[in-house]
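This report concerns only the one structure given below.
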């Protein structure tokens, strides 16, 4: 099922993962290892699951993998919100948060559209 043409969600989640790596590094530098690790795992997993969905064996498999990406995005939003609200943690920049919101919207649309077809 793989299609190598330009794919907005694949590109956005890849760029987001790169930015998550940078933010995780900031947290590591302040010795917030556990939180940095959680954000790293969930934030980079979004793109990995979107990419894996590109090779889905069926429509149901595609939807399942995209739903996993949505769950990882929700988890990432949780961790970033903790950072934003805590006085003791580095705050993510607004671009990281807006990129995540955009990814969540795109993923939601992909899921709803895929269920209709």
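Every number in this text was worked out from the coordinates using simple rules, so none of it is lab data. Worth saying up front: this structure is predicted, and the values here are computed from it rather than measured. So basically every Cβ, Gly included, is an ideal-geometry build from the backbone, and we count neighbours across all protein chains shown.
Expressed as a whole number of Å, what is the distance separating the alpha-carbon centroids of segment 61-117 and segment 28-46?
15
Could you work out how far helix 33-53 tilts from the main Cα principal axis of the chain, as a 0 to 90 degree angle to the nearest 10?
It works out to around 10 degrees.
Give the dimensionless ratio obtained when the Cα radius of gyration of segment 8-116 is divided by 2.2 N^0.38 Å. Please report the intermediate quantities before stating the final value.
Numbers: Rg = 14.2 Å, N = 109, 2.2 N^0.38 = 13.1 Å.
Cα Rg divided by the expected 2.2 N^0.38 Å: 1.08.
Highest mean first, how do 23-29, 83-89 rank when packing is the count of other Cβ atoms within 10 Å averaged over residues? Walk me through the intermediate numbers first.
Values: 23-29: 16.3, 83-89: 12.3.
Descending packing order for the listed peptides: 23-29, 83-89.
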